[in-house]
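Asks: Sharing a structure, written as structure tokens. Questions coming.
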Amino acid sequence: MQKVLFVAHCVLNTASKVVMFSDEEMAEEEALRRRFLEAAISSGVQLVQLPCPEFSAFGANRWGHVSNQFDNPFFRKHCRELLLPFIDQMREYLAHGERFEILGVLGIDGSPSCGVDYTCFGNWFGNFSDRTDLNEVLNSCSMGHGSGIFMQVLKDLLSEYGITQCVHLHGLFASEPEKCMGLLT
Ligand code: SF4
């Protein structure tokens, strides 16, 4: 029996990530990412890399966003188009349950797109120049319970195709490492 895990794109390719400026935050996530990958490979888990919805929409020089900004029909449509081929892959693995077990999907908690249990919220919009309340606006960002838009669209698709009970979502989150490490035990 082969175990298959679908992972957010940057679990395997951190070059897709928005540029971060907190060394501490990056180091914590990177340490868990490496620990998780080493354990996954050692235990023979097969990893399927989902596409990065932000890199493919906005490129490498994008700003950081909050989930409110991506909560629009255009980004949701982009996510849906990216995810549909992976829904087909999931359905095919599930159709051969004697050979494959889907362990689930691993997202990135805190991401406006790939957060599973946590995402970031804020009242962000508009031009940076000439505004006098930039610090106040930036500080309105907070992390809270909820999923990013890519994971919301994925949940909708799992429901649409009747496979919600077969494919569970989990988040990679440095503060709660047991969530991703538990997938491999
Ligand atoms: S959008 Fe998702 S896959 Fe892309 S960098 Fe952010 S968390 Fe990773």
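Asks: Would you mind stating whether LEU103 is within 16 Å of the chain's Cα centre (by Cα), more than 11 Å from the ligand (Cβ to nearest atom) and farther than 23 Å from GLN165 by Cβ?
Replies: Numbers: within 16 Å of the chain's Cα centre (by Cα): yes; more than 11 Å from the ligand (Cβ to nearest atom): yes; farther than 23 Å from GLN165 by Cβ: no.
No.
Asks: Which one of these is within 16 Å of the ligand (Cβ to nearest atom), under 20 Å from GLY64 (Cβ atoms) and surrounded by fewer than 19 Cβ atoms within 10 Å (Cβ to Cβ): MET143, MET151? So that I can check it myself, show each step before the final result.
Replies: Numbers: MET151 fails: surrounded by fewer than 19 Cβ atoms within 10 Å (Cβ to Cβ).
Going through MET143, MET151 in turn, just one is within 16 Å of the ligand (Cβ to nearest atom), under 20 Å from GLY64 (Cβ atoms) and surrounded by fewer than 19 Cβ atoms within 10 Å (Cβ to Cβ): MET143.
Asks: Checking the structure you have, find out if any residue of the range 74-82 is more than 10 Å from the ligand (Cβ to nearest atom) and either part of a loop (DSSP other than H, G, I, E, B) or at pLDDT below 95 (or both).
Replies: Taking every residue of the range 74-82 in turn, none turns out to be more than 10 Å from the ligand (Cβ to nearest atom) and either part of a loop (DSSP other than H, G, I, E, B) or at pLDDT below 95 (or both).
Asks: What number of residues within the range 5-46 are without any contact (Cβ under 8 Å) to a residue 40 or more places away in the chain, hydroxyl-bearing (Ser, Thr, Tyr) and loosely packed, with under 13 Cβ neighbours inside 10 Å?
Replies: 2
Asks: Looking at the range 118-134, is at least one residue in a helix (DSSP H, G or I) and free of Cβ contacts under 8 Å to residues at least 60 places away in the same chain?
Replies: Restricting attention to the range 118-134, the residues satisfying the condition of being in a helix (DSSP H, G or I) are 134.
Subset that is free of Cβ contacts under 8 Å to residues at least 60 places away in the same chain: 134.
Looking through the range 118-134, at least one residue is in a helix (DSSP H, G or I) and free of Cβ contacts under 8 Å to residues at least 60 places away in the same chain.
Asks: Here is a check on your reading of the model: is GLY126 away from the ligand (no atom under 16 Å from the Cβ) and surrounded by fewer than 18 Cβ atoms within 10 Å (Cβ to Cβ)?
Replies: On the way: away from the ligand (no atom under 16 Å from the Cβ): yes; surrounded by fewer than 18 Cβ atoms within 10 Å (Cβ to Cβ): yes.
Criteria met by GLY126.
Asks: How many residues does the range 1-35 contain that are part of a helix (DSSP H, G or I), within 20 Å of PHE86 (Cβ to Cβ) and hydrophobic (A, V, I, L, M, F, W, C)?
Replies: Result for the range 1-35: 3.
Asks: Can you work out which of the residues in the range 135-147 that are part of a helix (DSSP H, G or I) and not hydrophobic (A, V, I, L, M, F, W, C) is nearest to LEU183 (Cα to Cα)?
Replies: So in the range 135-147, the residues part of a helix (DSSP H, G or I) come out as 135-139.
Next cut, not hydrophobic (A, V, I, L, M, F, W, C) only: 135-136, 139.
On the way: ASN135: 39, GLU136: 39, ASN139: 34 Å.
So, considering only residues that are part of a helix (DSSP H, G or I) and not hydrophobic (A, V, I, L, M, F, W, C), the one nearest to LEU183 (Cα to Cα) is ASN139.
Asks: Shifting gears a bit: Select from the range 148-185 the residues that are of a type in the set (S, T, N, Q) and assigned to a loop (DSSP other than H, G, I, E, B) and list them in ascending order. Don't jump to the end; show me each part of the working.
Replies: From the range 148-185, those of a type in the set (S, T, N, Q) are 152, 159, 164-165, 175, 185; that's our starting set.
Selection gives THR164, GLN165, SER175, THR185.
The values are calculated or read from the model by the stated rules, or taken from the named source; none is laboratory data. Fair warning: this is a prediction, and the values are worked out from it, not measured in the lab. A quick note on method: Cβ atoms are made from the backbone with ideal geometry, for glycine too, and the neighbour counts reach across all protein chains shown.
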